[in-house]
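Peer 1: The structure that follows is given in the form of structure tokens.
The values are calculated or read from the model by the stated rules, or taken from the named source; none is laboratory data. Fair warning: this is a prediction, and the values are worked out from it, not measured in the lab. Counting neighbours? That spans all protein chains shown, and the Cβs are built from the backbone with ideal geometry, glycine included.
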Amino acid sequence: MKIGVLALQGDFREHKQMLQSLGVEAPEVRKQEQLEGLSGLIVPGGESTTIGKLAREYGLEQAVRERVEQGSLAVWGTCAGAIWLAKEIIGYPEQPRAGLLDIAIRRNAFGRQVDSFEEPLEIQGFATPFPAVFIRAPVIERVGPGVEVLAREGNRVVLVRSGKLMASSFHPELTGDSRLHRLFVEMARG
Ligand code: GLN
């Protein structure tokens, strides 16, 4: 069982460590050939414009799209990664993205005053709150049919899932809590 971590930009190392702590092999992905044999891919937080441009340039955008459409790859985008997965990025129609998940997302949606914060989050199916770290985080403003909302911060949607795709506004790799990584491993296995 291998879960790759897209390593073009952003905090991919923390995801890698989290997966390895669960006994999962977590190769870094920078070229399309490196998608071979992966059951899942995590797209990390960072700067979504940079990640999007590089993924397009390296042919990874198209390669990931094909594998997802064939049903052979699970993908989880965290923060900038969630933006990359979204079908619609509000106010940035030209920003390069995979566009695989039927959501509309707003970048930096918590405002400049609240750059980053940590908050215990109720997640559907989890017995206790999850320590969610938000850093210049996006908010999911629209979810399409078939997209399940798994968590809200106040009334803002911050975690969704649709089949083998998952998107979170926050950074689960920056806390000691591995429950969401475990959930993704199960999604990729299933
Ligand atoms: N604000 C960043 C963006 O819009 C995302 C921030 C993050 O990944 N922590 O690309």
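Peer 1: I'd like to verify a number: residues in the stretch 33-52 that are surrounded by 16 or more Cβ atoms within 10 Å (Cβ to Cβ), assigned to a loop (DSSP other than H, G, I, E, B) and within 16 Å of the ligand (Cβ to nearest atom), how many?
Peer 2: Qualifying residue count, the stretch 33-52: 3.
Peer 1: In the stretch 1-32, which residue that is small (Gly, Ala, Ser) and surrounded by 22 or more Cβ atoms within 10 Å (Cβ to Cβ) is farthest from ALA55 (Cα to Cα)? Give the steps one after another, and end with the answer.
Peer 2: So in the stretch 1-32, the residues small (Gly, Ala, Ser) come out as 4, 7, 10, 21, 23, 26.
Now narrow it down to the ones that are surrounded by 22 or more Cβ atoms within 10 Å (Cβ to Cβ): 4, 10, 26.
Numbers: GLY4: 14, GLY10: 13, ALA26: 18 Å.
For the stretch 1-32, the residue satisfying everything is ALA26.
Peer 1: Do any residues in the stretch 37-52 that are within 13 Å of ILE105 (Cβ to Cβ) have Cβ atoms under 9 Å from those of residues that are among the basic types (Lys, Arg) and more than 8 Å from the ligand (Cβ to nearest atom), where the two are at least six apart or on different chains, and which pairs are they?
Peer 2: Here the result reads SER48/ARG97; GLY52/ARG97, each pair linking the stretch 37-52 to a residue that is among the basic types (Lys, Arg) and more than 8 Å from the ligand (Cβ to nearest atom).
Peer 1: Could you tell me how many of the residues in the stretch 103-117 are outside any loop (DSSP other than H, G, I, E, B), modelled with pLDDT of 95 or more and either surrounded by fewer than 18 Cβ atoms within 10 Å (Cβ to Cβ) or basic (Lys, Arg) (or both)?
Peer 2: Of the residues in the stretch 103-117, 2 are outside any loop (DSSP other than H, G, I, E, B), modelled with pLDDT of 95 or more and either surrounded by fewer than 18 Cβ atoms within 10 Å (Cβ to Cβ) or basic (Lys, Arg) (or both).
Okay, residues lined up against (1) touching a Cys at 6+ places or on another chain (Cβ under 6 Å); (2) over 23 Å from GLY4 (Cα atoms); (3) in a loop (DSSP other than H, G, I, E, B):
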position: PRO131; (1), (2), (3): no, yes, no
position: VAL149; (1), (2), (3): no, yes, no
position: VAL157; (1), (2), (3): no, yes, no
position: MET166; (1), (2), (3): no, no, no
position: GLY176; (1), (2), (3): no, no, yes
position: PHE184; (1), (2), (3): no, no, no
position: MET187; (1), (2), (3): no, no, no
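Peer 1: Now, a different point. Just wondering, is there one or more residues in the stretch 53-75 that are out of contact with any helix residue (DSSP H, G or I) (no Cβ under 7 Å at 6 or more places or on another chain), at pLDDT 95 or above and within 11 Å of the ligand (Cβ to nearest atom)?
Peer 2: Checked the stretch 53-75: no residue is out of contact with any helix residue (DSSP H, G or I) (no Cβ under 7 Å at 6 or more places or on another chain), at pLDDT 95 or above and within 11 Å of the ligand (Cβ to nearest atom).
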